[in-house]
Amino acid sequence: MNPKPRLVEPVTDTPIQRNIPWKRIAVYGALAVGFFLLGLIPMLLRAQQYGEERDTAQREVRLKQMETQLAAAVINADRGEYEPARQTASDFFTLLRTQIDRGSESDLSSFQRDRLKGLLSERDNVVTLLARSDPAAVNRLSDIYASYQKAMNDVSSRNT
């Protein structure tokens with residue numbers, strides 16, 4: 001007689017070995033990291049460009065704030081509001097002194113710093129005139145504003 005065929009394979013004690021393709025996994029991992037880094041480069045370049053644009057905008061804002069303070073002092077003095085004019089003029093001169101003292105780190109070019117240093121000598125006279133509520137302060141502040149405008153808008157002052 002023929003033995004009956006077995007439907008179930010006998011269980012063996014030896015483990016089944018699977019070949020894990022480590023080289024293939026390493027290549028895929030290296031490719032994934034490479035593509036990630038390749039995509040990171042344009043983002044870094046764009047971030048650097050935006051950072052430079054932000055710094056330029058902040059520089060312009062600081063310079064416009066100084067100009068606005070000086071203009072506000074002129075307007076307040078012209079209206080006869082001498083105390084607010086004295087405070088804003090003093091703030092302007094303080095900011096101007098800070099910018100000039102920063103040297104090459106300043107928002108002002110070296111040409112602008114040289115031209116604006118002369119305005120600092122007017123500080124005490126202008127503040128004193130405003131403290132005394134002297135109408136002559138309006139003309140003095142207007143002259144300072146004109147000198148400031150000229151120094152800031154001069155074509156050669158754009159060179160930093």
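The values are calculated or read from the model by the stated rules, or taken from the named source; none is laboratory data. Owing to the predicted nature of the structure, the values given are computational and were not obtained by experimental measurement. Cβ: placed from backbone, ideal geometry, glycine included. Neighbour counts: every protein chain shown.
Observations on the model:
- Of all positions in the range 47-59, at least one carries a residue that is farther than 26 Å from MET152 by Cα and either surrounded by 11 or more Cβ atoms within 10 Å (Cβ to Cβ) or of a type outside the set (Lys, Arg) (or both).
- Within the option set ALA71, ALA131, ALA136, being of a type in the set (A, V, I, L, M, F, W, C) and free of Cβ contacts under 8 Å to residues at least 40 places away in the same chain holds for one residue only, ALA136.
- Count of residues meeting criterion [of a type in the set (Asp, Glu), in a loop (DSSP other than H, G, I, E, B) and more than 13 Å from MET152 (Cα to Cα)] in the range 80-109: 1
- For the range 26-37, the set of residues classified as at pLDDT 90 or above and either of a type outside the set (Phe, Trp, Tyr) or in contact with a His (Cβ under 7 Å, 6 or more places away or on another chain) (or both) consists of ALA26, VAL27, GLY29, ALA30, LEU31, ALA32, VAL33, GLY34, listed by residue number.
- Filter result (part of a helix (DSSP H, G or I) and exposed (fewer than 10 other Cβ atoms within 10 Å of the Cβ)) within the range 16-31: TRP22, LYS23, ARG24
- Filtering the range 90-108 to residues that are farther than 17 Å from LYS64 by Cβ, among the small types (Gly, Ala, Ser) and surrounded by 15 or more Cβ atoms within 10 Å (Cβ to Cβ) leaves only SER90.
- Scanning the range 109-133 for residues that are more than 14 Å from GLN87 (Cα to Cα), of a type outside the set (A, V, I, L, M, F, W, C) and surrounded by 15 or more Cβ atoms within 10 Å (Cβ to Cβ) returns SER109, GLN112, ARG113, ARG115, GLU122.
- Check on GLN112, over 18 Å from ALA72 (Cβ atoms) and assigned to a helix (DSSP H, G or I): yes
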